[in-house]
Amino acid sequence: MAEWINTIIQGVLLGGLYALFAAGLSLIFGIMRLVNLAHGDLIVLAAFVILALCAWLGFDPFLATLFAIPIMFAIGFGLQHVLLNRTLGRDLLPPLLVTFGLSIIIQNGLMEAFSADSQLLRSGEIGTASISLGGGVAFGVLPLITFLSAIVVIMALNLLFYRTELGRAFRATSDDLEIAQVMGIDHKRIFSMAMGIAMIVVTIAALYLGMRANFDPTIGPARLIYAFEAVIIGGLGSLWGTLIGGMIIGLAQTIGAAIDPEWQILSGHIAFLIVLVLKPRGLFPRAFD
């Protein structure tokens, strides 16, 4: 019984990491209907930025993340303003092609800069610390911090959307772009701000990705798949839904691994397929309105 309780706890906490992967993707799709195929690679890019700051300046990963956040915000803002805004329109193919090409460029650029070797952000004692609940039930401190961070990030994004002037502009452009332009909203700047904020979430996700497992320049597409699945399970446009979606994938993976280690990844995909068959629009579909 204790083993299964541990499995369920680990699955729920793992869902927090997947929710962080998915929150930025959900944000971008909800505002500008942009399917960013480079999202996973941007997470990996942020992880390498944190790694570089740790190596060059001697920072610990948490402090390095504070310095990486404005860097990634600037990258996201500039990328959207200079490149991606030019691709947006009624045709979904141009942004798909551009972000696919961007994914390849990021992967090859990271391999040139850091080689193809696996890297890890040193987490110190926090990476091995655990909390015991008695009876053989325990969970790691780092997974717990990851899960709590996902909740804080989603709460912050909701406050931004529904309690600020910028959030009203986000919702206006999402609801009716033409009317928003008539009202004097600079949609290109709003889209660039949205991408910059998504990169802040990406950087937080990258911190926990790098501290919890090895990473290399080629793992971005796999992270993108987990993010897509969490977004679709939770429902397009629902930030809290991404947390539920991430938890479902995490639970499926840990339960599958408990039955047979070879089933871990497959179990998550099967859970995604089951939800997609039963609820094609996800569990909590909504728009940012």
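The values are calculated or read from the model by the stated rules, or taken from the named source; none is laboratory data. All values reported here derive from a predicted model rather than from experimental measurement. Here the Cβ is made from the backbone with ideal geometry for all residues, glycine too, and neighbour counts use every protein chain on show. Areas reflect the complete protein model, heavy atoms only, side chains present, ligands, DNA and RNA absent. Shrake-Rupley method; radii C 1.70, N 1.55, O 1.52, S 1.80 Å.
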Let me confirm something: among Ile50, Ile106, Ile5, Ile69, which residue is modelled with pLDDT under 95 and either part of a helix (DSSP H, G or I) or closer than 22 Å to Ile225 by Cα (or both)? Ile5
Where in region 213-281 are there helices (runs of 4 or more DSSP H), lying wholly inside it, with at least 1 residues that are among the small types (Gly, Ala, Ser), closer than 25 Å to Leu121 by Cα and out of contact with any His (no Cβ under 8 Å at 6 or more places or on another chain)? 220-234, 239-259
Residues to consider are Ile225, Ile248, Ile197, Ile190; find the one that is among the hydrophobic types (A, V, I, L, M, F, W, C), buried (at least 18 other Cβ atoms within 10 Å of the Cβ), within 15 Å of the chain's Cα centre (by Cα) and within 26 Å of Val44 (Cα to Cα). Ile197
Tally the residues that are touching a Ser or Thr at 6+ places or on another chain (Cβ under 8 Å) and buried (at least 24 other Cβ atoms within 10 Å of the Cβ), restricting the search to region 40-59. 4
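With the requirement that a residue be assigned to a helix (DSSP H, G or I) and over 18 Å from Gly24 (Cα atoms), what does region 169-187 give you?
Selection gives Ala172, Asp175, Leu177, Glu178, Ile179, Ala180, Gln181, Val182, His187.
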Any chance you could count how many residues in region 259-270 are in contact (Cβ under 8 Å) with a residue 24 or more places away in the chain and open to solvent by less than 40 Å² (accessible area, probe 1.4 Å)? 1
Ala230 being of a type outside the set (S, T, N, Q), buried (at least 23 other Cβ atoms within 10 Å of the Cβ), in contact with a helix residue (DSSP H, G or I) (Cβ under 7 Å, 6 or more places away or on another chain) and touching a residue at least 24 places away in the same chain (Cβ under 8 Å): yes
Sole exception among (1) of a type in the set (D, E, K, R); (2) in a helix (DSSP H, G or I); (3) within 29 Å of Asp176 (Cβ to Cβ) for Asp41, by number: (3)
